[in-house]
Amino acid sequence: MRNIENVSRRGFLKGVVGTGAFVLAVRTVPPVFAGEPVPDGQTEADRAPLHPDVFVGIERDGTVHIVAHRSEMGTAIRTTLPLVVADELDADWNRVKIEQAIGDKRYGDQNTDGSHSIRSFFDTMRECGASARWMLVEAAAGQWNVPARECSTEPHTVVHQKSGRKLGYGELAVAAAKLDVPRKNQLTFKKPSEWRYIGKGKTSYDLENLCTGKAIYGMDAKIEGMIYASIEHPPVYGGKVRSYDEQEALKVSGVHQTILIDPFKPPAAFQPLGGVAVLAENSWAAFQGRKKLKINWDSGVNETYDSAEYKKELQATARKPAKVIRSVGDASAALAAASGSDVVEAEYYVPLLAHAPMEPMVALADFKDGKATIWAPTQNPQAVQAIVSTQLGIPKENVVCNVTLLGGGFGRKSKPDYVAEAAVLSEKVGRPVKVVWTREDDIKFDYYNAVAGMYFKAAVDLKGKPTAWLQRSVFPPITSIFDVNAVYGDPPHLAQGWTDMPYDLPNLSIENGPAKAHVRIGWLRSVANIYHAFGVQCFTDELAGRAHRDPCEYLLDLIGPPRTIDFKNVEYPNYGASLETYPWETGRLRQVTELVAEKSGWAKKKSVKGHGFGIATHRSFLAYVATVVEVEVNDQGDIQIPRVDTAVDAGLIANPEITRAQFEGAAVFGTSIVRTGEITARNGVIQQSNFNDYPVARINEAPQQTNVYIVRSSAPPAGVGEPGVPPFVAAFCNAIHAATGKRVRNLPLSSSGLFG
């Protein structure tokens, strides 16, 4: 009997090169092994002679270890946070080594989600760097017997200017370690004019490893004695196994056994979905054995879920009066008093969306002696600790979560149900288990971005400006995965482009209607902002067209003069930030709108048949963004995007190069949403399964040129990973109308019926 060999990406390339079938310069590397976790979770920074805090350690040879406690999934946060430390430390970046933290409460919040890593930890990272620098300066001053105020630093060196003496950081590490860690009020921080790295831009610390195949992803993790598992999940959310026949599965070469995984107990949260796992020597055998399973399912209450009927239900609900979450003036009275010709109504719809990261879900777990060791591409290792400890009945401190690089995340990998599966199976079989999801699993069993139906109604004056505005949004809430009775949007997600509608209007009513979830709902890159910005900004464009006014000029007219939005008596969580520190300033929204109009040459752009321009603006995750999209549409309905211009005010930008990359990526991500992003269900079963029926934008469909203009700002740092998506989606749709005269009210284009 022939054994099936596990072939890695690197091994495949090596074999191809060896046959002469493919010519490419490839650096071959040995198989990647996860190895044993560091005892007690210690890092190289912890073991260094000088380690004033959990993030920084300095060796005798001058090597500076900086711990990255957030997850790397292409945002280069593993570079940018350490870069802030290095700048305040005045370290030579070439002598910095970054190491990835395990899940550990001592690092504070580790959930790499919500575009808040820099916002939440910029000051903390500066303090870490400044503390180490203070101790090094004090140690040098003590050796030279001079006042510390006479000493300064150059990269990796303390200098006494009067005498010209210098000492390297490595030479001072042991002496500095004997000093007390300074209090915050003892620290001095660099002025922005003195920054070497912050605001200047750095490429990813991992770039070489990424380009040479040495980067370690979740799929690369291996340990001695591990086996693979593939799980047949209930095809309908909330379903369970009635009975199953494993006989044919066990005949597949390499298959060891099958194991029944219990269905989750509502609410689902991050529990395993349940089903039947096939365990085998390799992933291929596990996949093939799984195909041979014969399972009788109890599909449960969601078997009646049909996305087409659900769309009608959402839209019907959106037409009815609903819960008022913000009100200005009396919109109902103003709308009732308006004549029929002065009232405009429109409905918008966005379907369920899947994350579809390039690396599907995967996790390796080893449970023994009452402890679980995990290797996983996770955005939230602390959530891993929580769900694994609950599933196995062990303390959180007995769960070690090692974080690998993520082959994409977009919010999906902050939900560790797949990690819990690996842990449960490892406990059951008494050996390490690596759970590998297929692409089909990834698409069919996601935590989907919510489907949303929206209704708008406005009364307009003689110039086409609204005198009253009503907007109503209906979507199954994210909170439904934590509360089975949840049907209304929660304040944090209603605040994402809905509660905070920024127009200066005398009469405004913002409402939310109920919707029951029939699938797992979760956050995806920019979350509720996707559908809310689409609705608000496209309805704005409709009103501008009806008034025969320039869309940009009309948009600026609605924003009005600069002001701070008053949320008195309105529940507005502001992305978890203080409104005093991060007020909602319409002047900043206006500024980016004017900037993108200037940079794109909006005033000179005239839309004609087949060639159009669209504009949209939006605030999300505390950042203000405006986008202009240019499209070309031929007679066959083929759409090209020659150019995108985006203006960004995200406060202080720590790493401009990466920030630009994030907004370039957001345009591609948004292109997929508009063109083809749609998850549908029939009889409770998700219809899409892979990139053939859930396509993402190809090179020839993505924007050909994306220009990003960053506003120089001294405001506190805001998010940059997510805010680029919402205005792009709306601007793209507005551009299509400008080019074709066809108004996009339903996404995606592939199902809208607009282009045949």
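The values are calculated or read from the model by the stated rules, or taken from the named source; none is laboratory data. Just so it is clear, the structure is predicted and the values come from calculations on it, not from any experiment. No Cβ is skipped: glycine too gets one built from the backbone with ideal geometry, and neighbour counts run over all protein chains shown.
Things to note:
- Listed by position, the strands (runs of 3 or more DSSP E) enclosed by the range 370-463 that each have at least 1 residues that are modelled with pLDDT of 95 or more and touching a Pro at 6+ places or on another chain (Cβ under 6 Å) are 371-376, 399-403, 452-460.
- Answer from P506, P502 - the residue that is in a loop (DSSP other than H, G, I, E, B), surrounded by fewer than 23 Cβ atoms within 10 Å (Cβ to Cβ) and touching a Leu at 6+ places or on another chain (Cβ under 9 Å): P502
- The range 522-567, subset assigned to a helix (DSSP H, G or I) and acidic (D, E), residue surrounded by the fewest Cβ atoms within 10 Å (Cβ to Cβ): E553
- Pair list, Cβ < 6 Å and 6+ apart or interchain, from the range 258-283 residues that are in a loop (DSSP other than H, G, I, E, B) to residues that are at pLDDT below 95: N282/I4; N282/N6
- Hey, G238 closer than 27 Å to Y305 by Cβ and either modelled with pLDDT of 95 or more or part of a helix (DSSP H, G or I) (or both) or not: yes
- Flag if V729 is part of a helix (DSSP H, G or I), in contact with a helix residue (DSSP H, G or I) (Cβ under 8 Å, 6 or more places away or on another chain) and in the same structural domain as L589 (by TED's automatic domain parsing): yes
- Residues that are acidic (D, E), touching a residue at least 60 places away in the same chain (Cβ under 8 Å) and within 22 Å of P351 (Cα to Cα), drawn from the range 484-516: E511
- Looking only at the range 52-72, and only at residues there that are part of a loop (DSSP other than H, G, I, E, B), buried (at least 24 other Cβ atoms within 10 Å of the Cβ) and not small (G, A, S), the one that is farthest from the chain's Cα centre (by Cα): F55
- Looking only at the range 690-727, residues that are in contact (Cβ under 8 Å) with a residue 60 or more places away in the chain and either closer than 26 Å to L579 by Cα or among the β-branched types (V, I, T) (or both) come to 21 in all.
- Evaluation of S120 against the conditions (1) part of a loop (DSSP other than H, G, I, E, B); (2) small (G, A, S); (3) under 26 Å from A623 (Cα atoms) shows that the sole unmet condition is (1).
- The condition of being farther than 25 Å from T43 by Cα, surrounded by fewer than 24 Cβ atoms within 10 Å (Cβ to Cβ) and among the charged types (D, E, K, R) holds for only one of E359, E421, that being E359.
- I295 being part of a strand (DSSP E or B), touching a residue at least 24 places away in the same chain (Cβ under 8 Å) and crowded, with 19+ Cβ neighbours inside 10 Å: no
- Qualifying positions in the range 483-499 - crowded, with 17+ Cβ neighbours inside 10 Å and acidic (D, E): D490
- Within the range 299-345, the set of residues being in a strand (DSSP E or B) and either among the β-branched types (V, I, T) or not assigned by TED's automatic domain parsing to the domain that holds P476 (or both) comprises V324, I325, V328, V343, V344.
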